[in-house]
Amino acid sequence: MARQKPEEAAGILESVLTQSGVDDQQGVLGILGDLKSPRADEVLGRWLDKLQARQVPLEIQLDLLEASAKRKSVEVKRKLAAYEASRPKNDLLARYREALAGGDAEAGKHIFYHKDEVSCLRCHKINGEGGEVGPDLTGIGSRQKREYLLESIVDPNKEIAKGFETVVLGLSNGQFTSGIIKSEDGKEIHLINADGKLLTVPRNQVEERLRGKSAMPDNAMKHLSKSDLRNLVEFLAGLRDKK
């Protein structure tokens, strides 16, 4: 029907959008984004008004924004631009809040374990599997809110988990090395570098010691779409402590 009678389909889809659960709403918004019908623009325009009035469930906000971004309607573009302009300028997290809920945990799990560009598993451990450069994420969903999980990905240097700050060591030979301190004593400093390798640095070769950034890469969003981000947050939020 969407192809043969797009105007009629848009009306039916709006009804479903109003009365259905999250999964159906997300699917409907995806269809409306591609539907060749002025009425689809009207429906999305009304829902953008609701979004501006904070009347749209968080779980479908990203779907609404992505569907609206596909439209050529001047009015939809205007409303979309107005919403984007209303986001707080001094709050980095505000640009990504629609990724807090509504994701696909299985898709997020695939990103964590298999997306090489963000290397989650290389640095983090879940249930004994993974690296030690970053905090163990086993049961993280029981300890931290979704906002913390989202912020740790998009702005990792804002709040660094204790014990996982990097240090930069200036050596007597003029070189620098960096990593997370695993242990140290009067003779040696043992670091884990970004590749997860253990480095041993004689203390008498260290001339300078500087606090570095989070070991978490700060360019993760170059490799993740907002949908990827939402799925990853959903996966992490679902990692609960076993009772």
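Please treat every number below as a calculation from the coordinates, not as lab data. None of the values given here were measured: they were computed from a predicted structure. Counting neighbours? That spans all protein chains shown, and the Cβs are built from the backbone with ideal geometry, glycine included.
Cβ-Cβ distance of Glu75 and Ser172, R₀ of 45 Å, FRET efficiency by 1/(1 + (r/R0)^6): the value works out to about 0.10.
Centroid-to-centroid, using Cα positions, region 147-203 and region 37-115 are 37 Å apart. Determine the sum of side-chain charges near Val168: Lys and Arg each +1, Asp and Glu each -1, restricted to other residues whose C-beta is under 9 angstrom from that of Val168. Taking every other residue near Val168 into account, the sum is +1.
What order do you get for 169-181, 120-132 when each peptide is scored by the mean count of other beta carbon atoms within 10 Å, highest first? Please report the intermediate quantities before stating the final value.
Values: 169-181: 14.6, 120-132: 16.8.
Taking the mean over residues of other Cβ atoms within 10 Å, the ranking is 120-132, 169-181.
With an 8 Å Cα cut-off and a minimum separation of 6 or more residues, compute the relative contact order for the chain in percent. Walk me through the numbers on the way to the answer.
Values: 394 pairs, mean separation 49.1, N = 243.
Dividing the mean separation by the residue count of the chain yields 20 percent.
Would you tally the net charge around Lys125, using a Cβ to Cβ cut-off of less than 11 Å, leaving Lys125 out, and scoring K and R as +1, D and E as -1?
Working: positive: Arg122; negative: Glu129, Glu132, Asp136.
Around Lys125, the charge tally is -2.
Sorted by average packing, counted as other Cβ atoms within 10 angstrom per residue and highest first, what order do 148-158, 93-103, 190-200 take?
Working: 148-158: 17.8, 93-103: 20.0, 190-200: 14.8.
Descending packing order for the listed peptides: 93-103, 148-158, 190-200.
Between the listed residues Cys123, Pro156, Ala69, the Cα displaced farthest toward the positive end of the dipole of the chain, a dipole computed from Cβ unit charges relative to the Cα centre, is found at Ala69. The charge dipole of the chain, taken about its Cα centre with unit charges on the Cβ of Lys, Arg, Asp and Glu (plus for the first two, minus for the last two), comes to roughly 360 debye.
Could you compute the net charge surrounding Arg71? Neighbours are other residues with a C-beta less than 14 Å from the C-beta of Arg71; K and R count +1, D and E count -1. Walk me through the numbers on the way to the answer.
Working: positive: Lys36, Arg39, Arg46, Lys70, Lys72, Lys77, Arg78, Lys79; negative: Asp34, Asp41, Glu42, Asp63, Glu66, Glu75.
Charge balance in the 14 Å sphere: +2.
Kirkwood hydrodynamic radius of the chain, from the reciprocal of the average inverse Cα-Cα distance over all distinct pairs: 20.6 Å. Full extension of the chain segment joining Thr200 with Asp104 gains 30.4 nm, where the gain is 0.36 nm per residue of separation less the Cα-Cα distance. Please label the shape of region 6-86 as rounded, prolate or oblate, based on the square roots a ≥ b ≥ c of the eigenvalues of the alpha-carbon gyration tensor (a/c under 1.5 means rounded; beyond that, a/b larger than b/c means prolate, else oblate). Cα axes put region 6-86 in the oblate bin. Two tests apply to each whole DSSP H helix in the chain, Cα reach of 15 Å or more along its axis and mean Kyte-Doolittle hydropathy of at least 0.0, and the ones passing both are 6-19, 22-34, 58-69, 226-237.
Ranking request for peptides 72-78, 233-239, 21-27: highest mean number of other beta-carbon atoms within 10 Å first, then the rest in descending order. Don't skip to the end; give the middle numbers.
Numbers: 72-78: 13.1, 233-239: 22.3, 21-27: 15.0.
With the highest mean Cβ count within 10 Å placed first, the list reads 233-239, 21-27, 72-78.
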